[in-house]
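Participant: Here you go, one structure.
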Amino acid sequence: MRFLLTAEQREFARTLDSLLGAAGTPAAVRAWAAGEHKPGRDLWARLAGTGVFALAVPEEHDGMGPLPVELAVAYVELGRHAVPGPLVETVAAAAFLHRLGDPDAAADWLPRIAAGDALVGLCVQDAPFALDADAADTVLVVRDDTVCHTETHGPVQPALDPARRLSRPLGGTVLARGPAVTAAARHATDLARLLTAAQALGLGRALLDGTVDYVKQRTQFGRPIGSFQAVKHRLADTLIGLEFAQPLVHAAALALAAEDPSAGTQAAAAKAAAGEACYAAARTALQLHGAVGYTDALDLSLWIRKARPLRDAWGTPAACRARVLAG
């Protein structure tokens, strides 16, 4: 089976790629890691102007969605450019609030999410930490059949990616209880896995492209190292992993759009494949860049350090494979 994007979807991806390529994203990532959120939020505002966040919000709340396929297309580009912030969590929170059945909460938050004015954290079930709670306007915390929202959090925890700032939500006001919470959380988790997979796919492609450019320039024994057979094989293996992950991401997006009963299984499969492929791309980039790959001065290091956290976010590969087997 082949998955081909429409002309409009491809143009949307090109528009985002052009916008983010000219936006100085590495500087925004470094500022975010230092706790300075304004450059990142300015970037969010520009993304909102293209309709990225409105894709997750239904029309009755000033959105254009939910449109999982278009969201996946967008999040590949957000991953390619390493955009900081709780991107997945905010959109997953929109899906959660839409399914929750609380009209007041939906009316309060969904238009703000669509406009890019609200950053929302989301902790589901066993997740002990919230991503970027220090930058979020609120954090939704789901435990069993209860959801709370909180605006307080503990100290920021160190993370492998310094631009992914983790902290523990504190306290909170109960928003809702009951089976609707559980069902909404399940759907939000499926969407979060899809979009994390899309981010990982874009990140992996950026790592591969940067590494290919580098091995054409770096010389050893008087030749570009990209001419060595072992280097070619390593890059080819990395490309194959990313190419195999891409149709799984598209399939999961289509399943979620159709509300197919297998959507959760397909999202888990996409997450496992894209996460592993992205992590492999980071390992390849680090090895072929040599010692310079470890330095903060290299912009590509910002991408390298995102790969493992993305691989493990919203379900490790083992957890996602278990979900696939259970499905």
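Participant: Which chymotrypsin sites (Phe, Trp or Tyr not before Pro) in the stretch 180-239 pass both tests, a DSSP loop state and at most 15 other beta-carbon atoms within 10 Å?
Facilitator: F221, F228
Participant: Out of these labelled values of Cα Rg over 2.2 N^0.38 Å, [x] 0.97; [y] 1.63; [z] 1.03, which was calculated from the coordinates shown here?
Facilitator: The listed entry that was calculated here is [x].
Participant: Please work out the FRET efficiency for the pair T15 and V212, using the Cβ-Cβ distance as r and a Förster radius of 35 Å; give the result to the nearest 0.05.
Facilitator: The formula returns an efficiency of 0.90 here.
Participant: Put +1 on the Cβ of each Lys and Arg and -1 on the Cβ of each Asp and Glu in the stretch 189-326; which of A245, A318, G293 then has its Cα farthest toward the positive end of the dipole?
Facilitator: Positive-end residue among those listed: G293.
Participant: If each residue of separation counts as 0.36 nm, what is the full-extension length gain between R143 and A319 once their alpha-carbon separation is subtracted? List each step's numbers first, then the result.
Facilitator: On the way: separation 176, 0.36 × 176 = 63.36 nm, distance 1.86 nm.
Taking R143 through A319 to full extension adds about 61.5 nm, to one decimal.
Participant: Related question: Give me P(r) over the stretch 175-243, computed from all C-alpha to C-alpha distances, binned every 5 Å, as integer percentages.
Facilitator: 3, 14, 16, 14, 11, 8, 7, 7, 6, 5, 4, 3, 1, 0
Participant: Hydropathy first: keep DSSP H helices in the chain averaging at least 0.5 on Kyte-Doolittle, then drop any whose Cα extent along the axis falls short of 15 Å, and list what survives.
Facilitator: Flagged H segments are 68-80, 87-100, 229-257.
Participant: Pull up the cross-link candidates among the aspartates and glutamates for K216, meaning alpha carbon to alpha carbon under 20 Å and not fewer than 8 places away within one chain.
Facilitator: The qualifying aspartates and glutamates are D237, D299.
Participant: Moving to a separate point now. If you place +1 on the Cβ of every Lys and Arg and -1 on the Cβ of every Asp and Glu, how big does the dipole about the Cα centre of the chain come out, in debye to the nearest 20?
Facilitator: Dipole size: approximately 1460 debye.
Participant: Can I ask one more? Rank these residues by their accessible area, most exposed first, probe 1.4 Å: K306, K216.
Facilitator: Descending order: K216, K306.
Participant: Next question. Based on Cα coordinates alone, diagonalise the gyration tensor for the stretch 189-326, multiply each eigenvalue by 5, take square roots, and list the semi-axes in whole Å, largest first.
Facilitator: 32, 14, 11
Participant: While we're looking at this one, here's another question. If R0 is 25 Å, what FRET efficiency do you get for E8 and L254 from their C-beta distance, rounded to 0.05? Could you put the intermediate results ahead of the total?
Facilitator: Values: r = 16 Å, r/R0 = 0.64.
Calculated value: 0.95.
Participant: Could you give each residue of the stretch 142-159 its phi-based ³J(HN,Hα) in whole Hz, using Karplus coefficients 6.51, -1.76, 1.60 with θ = phi - 60°, and x for Gly or Pro?
Facilitator: 9, 10, 6, 10, 10, 10, 10, 10, 9, 10, 10, 8, x, x, 5, 9, x, 9
Participant: For L166, what residues show an amide H to amide H distance below 5 Å, using hydrogens built from the backbone and excluding near sequence neighbours?
Facilitator: Under 5 Å from the amide H of L166 lie the amide H atoms of D132, Q157, each far enough along the sequence or on another chain.
Participant: Where does the chain land at 222 nm, in deg cm²/dmol rounded to the nearest 500, when only DSSP H runs of n ≥ 4 count, each adding -39500 (n - 2.57), divided by all residues?
Facilitator: It lands at -20000 deg cm²/dmol.
Participant: Now for a different question. With a 1.4 Å probe and all protein chains left in place, how much of the accessible area of the chain comes from carbon and sulfur atoms, in whole percent?
Facilitator: Working: 7850 of 14180 Å².
Accessible surface attributable to carbon and sulfur in the chain totals 55 percent.
Participant: Still on this structure, I have one more. Counting only heavy atoms of the protein chains, get the accessible area per residue of the chain (1.4 Å probe) and round it to a whole Å² value.
Facilitator: Per-residue value: 43 Å².
Participant: If we sort 273-285, 125-137 on the protection proxy, mean other Cβ atoms within 10 Å, highest first, what's the order?
Facilitator: With the highest mean Cβ count within 10 Å placed first, the list reads 273-285, 125-137.
The values are calculated or read from the model by the stated rules, or taken from the named source; none is laboratory data. Given the structure is predicted, the values throughout are model-derived calculations rather than measurements. Cβ sites come from the backbone with ideal geometry, for glycine too, and all protein chains shown count toward neighbours. Quick note on the areas: whole protein, heavy atoms, side chains included, nothing else; ligands and nucleic acids left out. Shrake-Rupley method; radii C 1.70, N 1.55, O 1.52, S 1.80 Å.
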